[in-house]
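A.B. asks: This is the structure I have questions about; it appears just below.
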Amino acid sequence: MVSSVEEQLVSEGYKKTELGTIPEEWLIKTARDIFIKIQDGTHFSPKIGGNDYLYVTSKNIRPGKLDLSSAEYIDEKQHKSIYKRCDVRKGDILLTKDGANTGNAALNNINDEFSLLSSVAFLRVSKEIYSSQYFLQQIMSPSFQQAVQVAMSGNAITRLTLDKINKLEFLVPSTKEQTAIATALSDVDALITSLEKLIAKKRAIKTAAMQQLLTGKKRLPGFEEDWKTVSMNRDADLKARIGWQALTTTEYLDQGDFYLVTGTDFKGGRVNWSTCHYVDEWRYSQDRNIQLTNGDVLLTKDGTIGKVGYVDKLNGPATLNSGVFVIRPVQNAFNPMYLFYILSSRIFDDFLNRITAGSTITHLYQKDFVTFEFEAPNLEEQNQIAAVFSSMDDELDKLDQRLIKTQNLKQGMMQELLTGRTRLV
């Protein structure tokens, strides 16, 4: 029960509830009260094959999106058996109910019939009273996702049963306000989707350009000189933290003056200094060969091998852990940034595939890496090719930052609109 003191702290037009302070006219209803049908898919595994009917599983449900890029199909007989129980329709909300992505939800925008696995439930509203888009947005909100986790807690098998889904609680404004909120949030979703598509397109263009320019299939204007072979054994200086210098995890410090760079600190081909640990000065000074400088090329040799980084903005004194090579040119044999793009390309992927074929190798040995060779133009053309890709990376980085800001904007809008703190009607 709300105390008189608490009542005085509530703004006019609002009320305190177990789900927080909400507008006075908003209601709290369970899924059972809102949805006219809540049903999951088949509890048997049909035989995959043919192209009769789409078969949707939890892997196809991404947050806010129905992703059919890896969709599978089943034959008509199996589909008809499943569809008798779970007749999914356009406009239903699809909700994953078990597995790692439990709580993901998407709106079904498919006109045709399809079948569901039991890991997905569908929720159907009465369109005269409720907006399915509004409830989809509420399901994707951080507070609702937390409620999903609470609903699953306490069981050995973490899943949302239909009974638990029926008991989940929703904030329910008027139909008019539901529509207004859903429209505002959907507009931001559309912007996020367009940015994601643009980024994917730009990445594809970069990949195609790398395949052309790094192999000589396409030349930059003004260059005709023959290419020469660059050998990691002859033309590169390769260093790493040697065995007796190995660091223990207790030496990974949360703060300090000397950065420790590991393969997990590579983000977008650059060092993400904000995620780096630190080491004591004596550990940094222990080996000058692995003290980083601008222009160093980094390559992981343990765990996820072949992950590449480039040091272009050294934040301060930095050294490496034992899982990373630092590569530098011998007597200007190559442009380091050009090598970075070579190691990020299909050329190096093919090399790794050859040396790891038929094995479960999780380590890139120096004796193997030094056998890597590639064809390269003179330094001037390398510089210009590297500049082309660096410009593409700058553009992609700006788009990524814009996407992050838009996603953060969406989170803030959800927090305001789906709780009634900000009203649109």
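We did not get these values from a lab; they are worked out from the coordinates using the rules stated. The structure displayed is predicted, hence computed values, not measured ones. All Cβ positions, glycine included, derive from the backbone under ideal geometry; neighbour counts span all protein chains shown.
A.B. asks: Counting other beta carbons within 10 Å of each residue's own, what order do Y83, Y310 fall into, fewest first?
C.D. replies: Numbers: Y83 18, Y310 25.
Final ranking by Cβ density, sparse to dense: Y83, Y310.
A.B. asks: For segment 246-284 and segment 398-414, write down the distance between their C-alpha centroids in whole Å.
C.D. replies: Their Cα centres are 28 Å away from one another.
A.B. asks: Also: Per residue of segment 89-98, what does 6.51 cos²θ - 1.76 cosθ + 1.60 with θ = phi - 60° give for ³J(HN,Hα)? Whole Hz please, x for Gly and Pro, Karplus curve as stated.
C.D. replies: Rounded to whole hertz, the list is 10, 4, x, 5, 8, 9, 10, 6, 10, 7.
A.B. asks: Set Lys and Arg Cβ to +1 and Asp and Glu Cβ to -1, take the dipole of the chain about its Cα centre, and tell me which of L136, T250, A121 lies farthest positive.
C.D. replies: A121
A.B. asks: Loop by DSSP (not H, G, I, E, B), at most 13 other beta-carbon atoms within 10 Å: where is the longest site-free stretch of the chain for GluC sites (Glu not before Pro)?
C.D. replies: Details: sites that count: E12, E18, E24, E25, E128, E224, E225.
The longest uninterrupted stretch comes out as 226-425.
A.B. asks: Quick one: grab the alpha carbon gyration tensor of segment 162-272, order the square roots of its eigenvalues as a ≥ b ≥ c, and give me rounded if a/c is under 1.5, else prolate or oblate depending on whether a/b is larger than b/c. Please list the in-between numbers first.
C.D. replies: Working: a/c = 3.83, a/b = 1.52, b/c = 2.52.
In terms of gyration-tensor shape, oblate.
A.B. asks: Then there is this: Out of A208, T275, S231, whose Cα points farthest toward the positive end of the dipole of the chain (charges: +1 Lys, Arg; -1 Asp, Glu; placed on Cβ)?
C.D. replies: Checking the options against the dipole of the chain, the answer is A208.
A.B. asks: In nm, to one decimal, how far is the modelled label at V388 from the one at D112, with both set 7 Å along Cα→Cβ?
C.D. replies: 4.1
A.B. asks: Mind jotting down the distance between the C-alpha centroids of segment 329-368 and segment 30-97, whole Å?
C.D. replies: 43
A.B. asks: What chymotrypsin sites (Phe, Trp or Tyr not before Pro) in segment 347-394 are in a loop by DSSP, with at most 16 other Cβ atoms within 10 Å of the Cβ?
C.D. replies: Working: sites: F348, F351, Y365, F369, F372, F374, F389; in loops: Y365, F372.
Those that pass, being in a loop and sparsely packed, are Y365.
A.B. asks: Roughly how big is the chain's charge dipole about its Cα centre, with Cβ charges of +1 (Lys, Arg) and -1 (Asp, Glu), in debye to the nearest 20? Before the final figure, lay out each step's value.
C.D. replies: On the way: 51 positive and 53 negative charges, 204 e Å.
Once rounded to the nearest 20, the dipole reads 980 debye.
A.B. asks: Let's test the formula: R0 of 41 Å, r as the Cβ-Cβ distance of R85 and K65. What FRET efficiency results, to the nearest 0.05? Let's see the in-between values first.
C.D. replies: Values: r = 25 Å, r/R0 = 0.61.
It comes out at approximately 0.95.
A.B. asks: Related question: Under a crude label model (7 Å from the Cα following the beta-carbon direction), how far is A246 from L379 in nanometres?
C.D. replies: 4.0
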